Amino acid sequence: MRHRVHGRHLGRDTAHRLSLYRNLVTDLLRYERIVTTEAKAKEIRPMAEKVITLGRRGDLHARRQALKFVYDPSVVKKVFDDIGPRMATRPGGYLRITGMEPRKGDGARMATIELVDYVDAPPTPRPNRVTAAPTAPARGTTPVVAETAPAVTEAESDDGEAELATTVREADESEAAEAADEATAELDEATEATAEVDESPEATAEADDAPATDDAPAEDGDDKAEA
């Protein structure tokens with residue numbers, strides 16, 4: 001049982017856990033930014049800040065204390081020569097933890113831990129989202145493609161309606177005028193044709209030669225009486 005033991009075990013024994021913390025702090029001070037789980041980032045933050053505080057002191061005893069935890073002399077030299085002087089006016093809070101999206105494999109909460117004055121930091125890396133592939137339409141169905149119309153303001157819509165109404169009105173007037181002209185032309189042609197038929201001598205002669213329809217029954221009656 002833990003019995004109020006401080007800190008996270010992270011599923012490791014003491015030696016393995018301390019070795020993990022030492023490696024994470026060394027990489028953080030070397031690259032000034034790493035990506036790890038949120039639990040590990042919260043655990044190594046006070047350890048890394050203590051090493052940076054030793055770098056602010058800058059004396060021999062502080063350097064030896066830093067070498068007890070960080071085994072890489074080049075990283076310790078960077079802390080005392082570069083990071084420590086940069087944090088000379090800051091009494092604490094040298095690191096920043098930024099949450100990220102969960103890890104795809106096991107859903108662990110990820111985070112980036114970096115120095116607060118990491119000015120050349122690129123954008124925080126984000127895992128790419130995986131989207132599902134579009135489903136194929138069923139057989140015999142036609143996919144419907146939605147057409148997006150551009151946004152039209154109220155003034156533009158009013159102007160467009162006015163122009164449309166004017167266009168429709170002009171089109172109706174032009175069609176009515178053309179219809180009236182066609183009707184007038186047809187009426188004139190019919191009138192001319194009728195006048196030509198009435199004035200032609202052949203039509204007059206045929207009208208004179210045609211027998212009277214009222215006299216035909218009377219003549220047939222007289223012939224029958226004589227017989």
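The values are calculated or read from the model by the stated rules, or taken from the named source; none is laboratory data. Just so it is clear, the structure is predicted and the values come from calculations on it, not from any experiment. Ideal geometry is used to build each Cβ from the backbone, glycine not excepted, and the neighbour counts take in all protein chains shown.
Rundown of residues vs (1) surrounded by fewer than 10 Cβ atoms within 10 Å (Cβ to Cβ); (2) within 24 Å of the chain's Cα centre (by Cα); (3) at pLDDT 70 or above, yes/no style:
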position	(1), (2), (3)
123	yes, yes, no
137	no, yes, no
142	yes, yes, no
155	yes, no, no
161	no, no, no
165	no, no, yes
189	no, no, yes
194	no, no, yes
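Taking segment 44-71 as the region of interest, how many residues are of a type in the set (D, E, K, R) and over 49 Å from the mean Cα position of the chain (by Cα)? First the steps, then the outcome.
The initial filter retains those residues of segment 44-71 that are of a type in the set (D, E, K, R), namely 45, 49-50, 56-57, 59, 63-64, 68.
Then drop every residue that is not over 49 Å from the mean Cα position of the chain (by Cα), which leaves 56-57, 59, 63-64, 68.
Here the count works out to 6.
Here is a check on your reading of the model: is residue 51 among the β-branched types (Val, Ile, Thr) and in contact with a strand residue (DSSP E or B) (Cβ under 6 Å, 6 or more places away or on another chain)? So that I can check it myself, show each step before the final result.
Values: among the β-branched types (Val, Ile, Thr): yes; in contact with a strand residue (DSSP E or B) (Cβ under 6 Å, 6 or more places away or on another chain): no.
Against the criterion (among the β-branched types (Val, Ile, Thr) and in contact with a strand residue (DSSP E or B) (Cβ under 6 Å, 6 or more places away or on another chain)), residue 51 does not qualify.
Look at segment 80-89 and say how many of its residues are assigned to a helix (DSSP H, G or I) and more than 46 Å from the chain's Cα centre (by Cα).
Step one: list which residues in segment 80-89 are assigned to a helix (DSSP H, G or I), which gives 80-86.
From the residues that got through so far, the ones that are more than 46 Å from the chain's Cα centre (by Cα) too are 80-81, 84-85.
Adding up the residues that qualify gives 4.
Does segment 50-61 include one or more residues that are closer than 21 Å to residue 100 by Cβ and buried (at least 18 other Cβ atoms within 10 Å of the Cβ)?
Looking only at segment 50-61, we keep the residues that are closer than 21 Å to residue 100 by Cβ, and these are none.
Within segment 50-61 (the criterion being closer than 21 Å to residue 100 by Cβ and buried (at least 18 other Cβ atoms within 10 Å of the Cβ)), the answer is no, since none of the residues qualifies.
So which residues in segment 46-60 are touching a helix residue (DSSP H, G or I) at 6+ places or on another chain (Cβ under 9 Å) and in a helix (DSSP H, G or I)?
Taking segment 46-60 as the starting set, the residues that turn out to be touching a helix residue (DSSP H, G or I) at 6+ places or on another chain (Cβ under 9 Å) are 47-48, 50-58.
Hits for segment 46-60 are 47, 48, 50, 51, 52, 53, 54, 55, 56, 57.
Considering only segment 64-73, I want to know if a residue exists there that is assigned by TED's automatic domain parsing to the domain that holds residue 30 and more than 14 Å from residue 26 (Cβ to Cβ).
Within segment 64-73, the subset assigned by TED's automatic domain parsing to the domain that holds residue 30 is 64-73.
This time we only want the ones that are more than 14 Å from residue 26 (Cβ to Cβ), so: 64-65.
Yes, there is a match, as at least one residue in segment 64-73 is assigned by TED's automatic domain parsing to the domain that holds residue 30 and more than 14 Å from residue 26 (Cβ to Cβ).
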